[in-house]
1. I'd like to check which helices (runs of 4 or more DSSP H) are fully inside the stretch 62-159 and have at least 3 residues that are in contact (Cβ under 8 Å) with a residue 40 or more places away in the chain.
2. Which residues, taken from the stretch 45-60, are closer than 13 Å to residue 136 by Cβ and not polar (S, T, N, Q)?
3. Only one residue in 32, 28 is touching a strand residue (DSSP E or B) at 6+ places or on another chain (Cβ under 9 Å) and over 17 Å from residue 119 (Cβ atoms), so which one is that?
4. What are the residues in the stretch 30-49 that are closer than 15 Å to residue 135 by Cβ and either surrounded by 16 or more Cβ atoms within 10 Å (Cβ to Cβ) or in contact with a helix residue (DSSP H, G or I) (Cβ under 8 Å, 6 or more places away or on another chain) (or both), if any?
5. Return yes or no: is residue 32 acidic (Asp, Glu) and farther than 22 Å from residue 111 by Cα?
6. Since residue 41 meets every condition but one in (1) among the small types (Gly, Ala, Ser); (2) without any contact (Cβ under 8 Å) to a residue 40 or more places away in the chain; (3) assigned to a strand (DSSP E or B), which condition does it not meet?
7. State which residue is farthest from the chain's Cα centre (by Cα) when the search covers only the stretch 55-79 and only residues that are aliphatic (A, V, I, L, M) and under 19 Å from residue 156 (Cβ atoms).
Amino acid sequence: MNNSILVKVQKDKIAVGSLIEKLMDLSEREGEVGAITTFIGRVRGKEETRQVSELFLEHYPTMTEKKITEIVCNACNTFSINGCIVIHRIGKLVPGELIVFVGVTSRHRKDAFEACSYVMDFLKTEAPFWKKEKGSKGEKWIKSRDIDYVARDAWLGKG
């Protein structure tokens with residue numbers, strides 16, 4: 001199957017409604033869609049014991065989009081999906097703002113759910129983003145957590 005994908009890294013706010021419409025348009029070209037699964041990530045206002053006032057995301061242009069596309073293509077080869085859209089924000093974000101949108105369509109819900117989870121697990125550990133939190137206890141660069149690697153490794157059969 002020739003899957004329909006869209007990957008974008010942007011400063012602009014994420015327009016969820018139009019992305020779901022775009023996902024449907026992309027996917028309908030590939031066949032019958034019976035399931036749409038989305039993940040929408042938001043900036044938290046509190047992380048562990050510190051208040052967060054802003055999150056700044058940097059990325060490596062071109063390399064980031066290439067890596068996310070590779071992750072999505074791997075999901076397409078692993079699961080029976082019709083289409084996938086990944087939009088990730090960069091720049092300065094404040095608590096409550098959307099940081100990432102992952103949308104997957106498939107004939108059946110199981111593949112859509114699993115592919116969406118797969119994409120997020122690999123985004124958290126493999127995509128070249130650098131995150132810095134600013135808040136009540138100063139600034140802090142954020143690294144992927146051990147649990148993120150455990151989730152990724154489970155897909156690789158290492159977990």
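The values are calculated or read from the model by the stated rules, or taken from the named source; none is laboratory data. This one's a predicted model, so the numbers in the text were calculated from it and none came from an experiment. In this analysis, Cβ positions are derived from the backbone assuming ideal geometry, glycine residues included, and neighbour counts consider all displayed protein chains.
1. Fully inside the stretch 62-159 and qualifying: 63-78, 109-126.
2. Those that are closer than 13 Å to residue 136 by Cβ and not polar (S, T, N, Q): 45, 46, 47, 48, 50, 52, 54.
3. 28 is the lone residue from the list that is touching a strand residue (DSSP E or B) at 6+ places or on another chain (Cβ under 9 Å) and over 17 Å from residue 119 (Cβ atoms).
4. 43, 47
5. So residue 32 fails the test.
6. Residue 41 satisfies every listed condition except (2).
7. Among those that are aliphatic (A, V, I, L, M) and under 19 Å from residue 156 (Cβ atoms), it is 75.
The rows are residues; the columns are (1) touching a helix residue (DSSP H, G or I) at 6+ places or on another chain (Cβ under 9 Å); (2) at pLDDT 95 or above; (3) not charged (D, E, K, R).
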site: 28; (1), (2), (3): no, no, no
site: 57; (1), (2), (3): no, yes, yes
site: 74; (1), (2), (3): yes, yes, yes
site: 79; (1), (2), (3): yes, yes, yes
site: 93; (1), (2), (3): no, yes, yes
